[in-house]
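Only one structure is covered here, and it is reproduced in the block below.
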Amino acid sequence: MNQQVTVRLNGILGEHLAAAVAQLSMDTPYSERLVVQDVVRDPESPRLFEDYAGDLSGRYIDACGVAFELGLPFDTEKAQRILTTVLNTQNPDGSFGRPGAAGMLDHGRAWGHGRLLAGLLRAAAWSGERNAHRLRDAVPALVRWFAYSADDWVEWLADPVNQRRKFLLDCYSCVLPLVEYYRQSGDETALRTAGRLAAALPDRLEGVHMHGYLLALRGMLELGVETGNAELSEYVLRAADRVATGFLLPHGGVLESTTTPWDINTEGCGIADWAMLCARLAELGRGPRHATRYEQALFNALLHAQHTSGHFGCETRNPDATMLHADYAPQAWWCCTFHGVAAIGYVASRAAVVTSDAVDIALPVSFRQVVDLGDHTIDVEVTSAYPDSGPVDVRVSSTGDLPTILRLRLPRTSVLRQVLRDGETVATRFDGDRVVVDLPDGKATVRFELEAALSFEGRGSRTFLPMANSTEPDIDLTEGPWAVYLGPRLLAASSTTNDLEDLLRIRALQISLHDGIVQAEDGRWRATAWGYDTFRTDVTLEPLATTDRGRNDAATRISFPILVTSPQSVHDPHEQHPHEH
Ligand SMILES: [Zn+2]
């Protein structure tokens, strides 16, 4: 059955996405000349990373595809001209831009061409007849270029000297779009090429570029899914857990590379890949931790890496990763802006699966999805306070029969307070991580009341409160650093609402084992924090990422070296109070 799906994203994610997409139509920095400069050199005015042939131009074309799919406005005439210019640079061997020797191992080309293939695969949908016929020839020719250059890369990867390079995985940029091309075309060459590269992936995780590594893993996961190769999928699952254990910050984002302790920053692209990889692992049912990880990355790190302008970029961290501040390349318009768009588009397109029988909601944010099933159309509209506390209202309508089952993934950091169907309390049941509601005849408006739970995470283990009913604290309060969450959102202490000097002096956050910390009337969270000797201060905590993106550049404390419990707790481990000597 050929079904047409239309998705429109609203709410907080929709707002962030629209701000980024609006940049595509701007002439600064995205003049047509600048966008295509990686395939049409401009010696008069060189730009950053123009040696990565197809990287920026391909990502630009890809981001236009996301905008088109989600109904966001962009300058289609400009996009068409850019696409035409790029297609005009294709060489007889299938590559783009400046021609190179058949055996040339060029990282910039290998990486950029992978991003370009991803963009071209999406372009047919929005470019219409003007370029569609040219894409039908250009894409298979590019796929054949990957096929013959893969042998050289496999040899190159086997050399231990090359395996020590940070950008050794550049040639894996093509794996994911090759699998996607196979899905669209059935071309076995694409799948074989992806398989040859996947088999050659060096099993080391030291000093590699995280964006490249995660992009490779995402490609390998899809290859495993497509070929039924369970070993490949298991490998990716283990690799994802290694990344989570070693290279994750409290806001759910990954470091720019696996070069610790020297890595001083994150990269929006790596964070975006991490969110997409974990979202896919969650979708494939590989465990609840993946959904928690992707939401944490999405609602905190990714949105925090977005700037006032709408561009996504990078963040700088202090040496022990308890604070984020801004002294590193802030807006990465050559990559992160597009990959941020890709990530939000990715989760939006997977927010719900609608069939004639059931509606399955994987991400309870605000969106609308209309599915044309041929003989009838089903319209699902979600109006949601999530990731904040509040109602998630689902309205299902249809031009024919209504689905009879509504399923909603209950986020692990939410409390399900109440479920109403057409305004009346209704019985629910659970199926895995889904809360299930029946939709008998005509009953198609359901409200899920979700409350964001307060939790604390340190060294990978999360503690929900209250826990004053336990005979002893489950948590070793000295095993930090500790971060505070409200639902999936990180509560951080920004220097826009706290004194920066105080934030630098804080060593411990005081919590109550029963209440955690207390929300003030203004909605902000306040707690006492301690430092050396007699230093005490009140600290104000707020969600790290909000639509007030102007705050994202300000120095912000994202975790606390230790927690101390407030004196009134009967289970207070006194020896852990730094002031009691
Ligand atoms: Zn980037």
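The values are calculated or read from the model by the stated rules, or taken from the named source; none is laboratory data. All values reported here derive from a predicted model rather than from experimental measurement. Neighbour counts run over all protein chains shown; Cβ positions are idealised from the backbone, glycine included. The area values use the complete protein model at the heavy-atom level, side chains included, leaving out ligands, DNA and RNA. Shrake-Rupley method; radii C 1.70, N 1.55, O 1.52, S 1.80 Å.
Scanning the stretch 475-516 for residues that are of a type in the set (A, V, I, L, M, F, W, C) and over 21 Å from Thr534 (Cα atoms) yields Ile475, Trp482, Ala483, Val484, Leu486, Leu490, Leu491, Ala492, Leu513. Taking each residue of the stretch 137-148 that is under 16 Å from Thr89 (Cα atoms) and looking for partners that are assigned to a helix (DSSP H, G or I) and at pLDDT below 95 with beta-carbon atoms closer than 7 Å, six or more apart or interchain, yields nothing. Residues in the stretch 273-310 that are away from the ligand (no atom under 16 Å from the Cβ), in contact with a helix residue (DSSP H, G or I) (Cβ under 8 Å, 6 or more places away or on another chain) and small (Gly, Ala, Ser): Ala279, Ala282, Gly287, Ala291. Between Asp51, Asp93, Asp27, Asp42, the distinction of being at negative phi, of a type in the set (D, E, K, R), open to solvent by 40 Å² or more (accessible area, probe 1.4 Å) and at pLDDT below 95 belongs to Asp51 only. Within the stretch 235-268, the residues that satisfy the criterion of being surrounded by fewer than 18 Cβ atoms within 10 Å (Cβ to Cβ), among the hydroxyl-bearing types (Ser, Thr, Tyr) and in contact (Cβ under 8 Å) with a residue 60 or more places away in the chain are Thr245, Thr259.
Taking the stated definitions as given, is Val5 within 18 Å of Cys335 (Cα to Cα) and either crowded, with 23+ Cβ neighbours inside 10 Å or out of contact with any Gly (no Cβ under 7 Å at 6 or more places or on another chain) (or both)? Spelling it out, it is not the case that Val5 is within 18 Å of Cys335 (Cα to Cα) and either crowded, with 23+ Cβ neighbours inside 10 Å or out of contact with any Gly (no Cβ under 7 Å at 6 or more places or on another chain) (or both).
Yes or no, residue by residue, for (1) closer than 26 Å to Val341 by Cα; (2) out of contact with any His (no Cβ under 9 Å at 6 or more places or on another chain); (3) touching a residue at least 12 places away in the same chain (Cβ under 8 Å):
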| position | (1), (2), (3) |
| --- | --- |
| Tyr52 | yes, no, yes |
| Arg59 | yes, no, yes |
| Leu72 | yes, yes, yes |
| Ile82 | yes, yes, yes |
| Leu105 | no, yes, yes |
| Asp152 | no, yes, yes |
| Gln163 | no, yes, yes |
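If we scan the stretch 366-378, do we find a residue that is in contact (Cβ under 8 Å) with a residue 12 or more places away in the chain and under 19 Å from the mean Cα position of the chain (by Cα)?
Start the filter on the stretch 366-378 by keeping residues that are in contact (Cβ under 8 Å) with a residue 12 or more places away in the chain, which leaves 366-378.
Pick out the ones that are also under 19 Å from the mean Cα position of the chain (by Cα) and you get 366-367.
Yes.
Of Gly313, Gly340, all but one fail to be touching an Asp or Glu at 6+ places or on another chain (Cβ under 9 Å) and within 15 Å of the ligand (Cβ to nearest atom); the exception is Gly313. Contact annotation: residue pairs with Cβ atoms under 7 Å, 6 or more positions apart or on different chains, pairing a residue in the stretch 422-433 that is free of Cβ contacts under 8 Å to residues at least 60 places away in the same chain with a partner that is among the charged types (D, E, K, R), are Asp422/Lys443; Asp431/Arg407.
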